[in-house]
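So the structure is just underneath, and the comments pick up after that.
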Amino acid sequence: MSVLSTTVQSQVEEDLVQQGLLTTDQLEDLHERSEADGTPIFGMLVSENLITDEDLTRTTAKISRVPYVNLSDARIDADVLGLLPQDIAERYMAVPLGEMQHRLVVAMLDADNVQAADFLANKIGRPLKVYSASEAGIKRVLKQYTERLDATMIGELKATVDAADGQAAADKAAENTDGIQTIVQDSPISKALSTILEYAAKNRASDIHIEPLEKMLKIRARIDGVLREIMKLPKSTEAPLVSRIKILANLKIDEHRIPQDGGFAIVVDAHAIDLRISISPVVWGEQVVIRLLDKSGTSLNLIDMGYHGRALRTIKEALKQPNGMILTSGPTGSGKSTSLYALIQEIMDDTINIVTLEDPVEYKMQGINQIQVNAEVGLTFANGLRSILRQDPDVVMVGEIRDKETAQLAVQAALTGHLVFSTLHTNSAAGILPRLLDMGIEPFLIASTVHTVIGQRLVRRTSENRTQYQSSKSETAAIQATIGSLLPKTDADRKKAAEDLGYDNLPLGTQNAYTLFKGEDAPETPGGYKGRMGLYEVFGISEPIQDLILKRSTSAEIQKAARAEGMVTMREDGYLKALTGQTTLAEINRVAATDSA
């Protein structure tokens, strides 16, 4: 921000007081200390958190008659960023926002400095439309330069890879280990991989898919559960890019016939991110899937994860049990492991010994003993579980029950006084029990050891910038058919329903229309969504359900009994979340298209 004239400064101070952001007494005190210390008064306002940088910038722009823009949540398209070179943007603290009437719209820190704006316009050879923005906002946009995947990088890749045989270069790198780091640092392939990984990490992607096609290489990222294409590369980049990944993951660079798994870690914005690498041969080459495990942005609080009402109460009661099994189910990537970590977080205490057996260890937690499965040296889930049970654990977490042997050992652990957490791949909570029967576990053992089961999916959250609308006739009919029986019948029932279901301000089940929400579709929030949360169905194993297990009943029969006892299904949980503005009906229908019953 430029040095303000005394008149403008006093007008800004008056406006801040009029807005209620500052009191007269505070202003007088600041003036006294500013004169005594020689410290600029506006710097003191922000450093002492009396007002925000955005408040000061907005007010100053208003007094100076310069248009203001808040870049706190701005997501600038990569093509727009390309309109102003990064080095110039950083040097002049100016970022492009788009084009308007043949002029480049830029946000500047020093927007009221006409000479600086004219100099910048001459520098880039284009007339400007200038807005004022805070330093924090401009820095946030400057970071986006490093996140974009632009045509310049792709062109550099094409030129480099076409000039030499990519595979030969990669094989040569593999033969000379000492030379790898040199090739790594200077190679455009290395830069491309780094850029792809950074882009995925900064956009909260859970997976990266590198997919070979007949004439090109397609790169996609799964962001908030949905795959999106982020770039295409020439076919000639496939071999060196895959070889580069193999080198980092310590895999066999010359093996192209069988699948390989490995991993390595990267650091993005001071956050360590573990990468799980899976490489498989496909028709047109080798497909690479990279799972990103960023622990920094994940809450392990049950309520933050989306557990409410009946489901939350059932889990809390289950955690009070000294032994038995709590099992979670769902497809790959549905948050099952995160749920298990949240359960551990709930009961973690110095008085109990918690041991986990995982493949891989996704979240390193202080205060518990975590074991990494390693099949190559014989440390399987089954062998590891045998070892764990000789180490006097109170609580055992088994990352996944994959086979009969692991299932039998987990059941035995629960029978002998341990509390066991684990996961299975089934479509619903009720499907867990027949799945254990399929693994050869006797019905009476299942009935006496399993006391709580959880089914889950992940859905996208609506973004904070959202608007309300009234449901259509079909949406209203769907809401009433799905959760009409759960919603309160009268205003007097609302408090009781909120306590029972865990959702405040629920509408009546008899309304002609319902208030729903949709987020703003923006580059920062594609489709109007940002982040994810869980849909859950949870039930305890009551005596009637134990009888069904002993009769080897189907999952549909068990589901029916659980619903009769008050279980809220995943679809019902989703509709309740949609009515409270957390997600949308379209998202629930995408993830839980039909009721589990």
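The values are calculated or read from the model by the stated rules, or taken from the named source; none is laboratory data. Only a predicted model underlies this, so the values are computations on that prediction, with no experimental measurement involved. Cβ placement follows ideal geometry from the backbone for every residue including glycine, while neighbour counts extend to all protein chains displayed. Calculation scope for accessible area: heavy atoms of the full protein, side chains included, ligands and nucleic acids excluded. Shrake-Rupley method; radii C 1.70, N 1.55, O 1.52, S 1.80 Å.
When every alpha-carbon pair in segment 65-118 is counted, what percent end up more than 14 Å apart?
Of all Cα-Cα distances in segment 65-118, 56 percent exceed 14 Å.
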Tell me which lysines have Cα within less than 18 Å of residue 62's Cα, excluding those fewer than 8 residues away on the same chain? 129
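Net charge near residue 518, counting Lys/Arg +1 and Asp/Glu -1 over other residues with Cβ under 11 Å of its Cβ?
On the way: positive: 466; negative: 520, 521, 587.
Spelling it out: positives minus negatives among the neighbours equals -2.
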Using a 10 Å Cβ count of at most 13 others and DSSP loop calls, identify the longest part of the chain lacking such trypsin sites (Lys or Arg not before Pro). 66-214
For the Cα atoms of the chain, what angle does the longest principal axis make with the long axis of helix 53-64, in degrees from 0 to 90, nearest 10? 30
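Go ahead and run the numbers for FRET between residue 25 and residue 465, Cβ-Cβ distance against an R0 of 51 Å, rounding to 0.05.
It comes to 0.90.
To the nearest 20 debye, what charge dipole does segment 239-308 have about its Cα centre, counting +1 at the Cβ of each Lys and Arg and -1 at the Cβ of each Asp and Glu? Intermediate values should be presented prior to the final figure.
On the way: 7 positive and 8 negative charges, 37 e Å.
That gives a dipole near 180 debye.
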What would the Debye formula give as log10 I(q)/I(0) at q = 0.24 Å⁻¹ for the alpha-carbon point model of segment 539-594, no solvent? -0.86
Starting from the Cα of residue 136, step 7 Å along the direction of its Cβ; do the same at residue 551; then give the gap between the two resulting points in nm. 6.2
Where the Cα pairs of segment 496-597 fall when distances are cut into 5 Å bins, in %: 2, 11, 18, 18, 17, 13, 9, 6, 3, 1, 0
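Above 22 angstrom, tally the Cα pairs of segment 409-519 and express them as a % of all pairs, no decimals. The partial results should precede the final answer.
On the way: 3461 of 6105 pairs.
The answer is 57 percent, as a whole percent.
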For the chain, the dipole about the Cα centre with charges only on Cβ (Lys and Arg +1, Asp and Glu -1), to the nearest 20 debye, works out at 1960
So how far apart, in nm, are the two label points at residue 590 and residue 101 if each is 7 Å from Cα heading toward Cβ? 3.9
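Which whole-number value in Å³ per residue fits the convex hull of the alpha carbons of segment 214-274? Kindly include the intermediate steps, with their values, before the conclusion.
Details: hull volume 8.2 nm³, N = 61.
Taking the convex hull of the Cα positions in segment 214-274, it is 135 Å³ per residue.
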Note: probe point = Cα of residue 438 + 7 Å toward Cβ; backbone nitrogen < 16 Å; residues of segment 547-568 passing the test are 552-559
Accessible-area value, residue 421, 1.4 Å probe, nucleic acids and ligands omitted, Å²: 0
Cα principal axis extents for segment 1-77, largest first, Å: 47, 23, 23
Furthest towards positive pole of dipole, 265, 401, 292, structure part the chain, Cβ charges: 401
For the chain, longest principal axis from Cα atoms; helix 570-579 axis from its Cα atoms; angle between them, nearest 10 degrees, is 30
Take the Cα coordinates of segment 256-411, assign each an equal point scatterer, and use the Debye formula without solvent to give log10 I(q)/I(0) at q = 0.08, 0.14 Å⁻¹. -0.28, -0.83
Using the Kirkwood formula on the Cα atoms of the chain, what hydrodynamic radius do you get, in angstrom to one decimal? 28.1
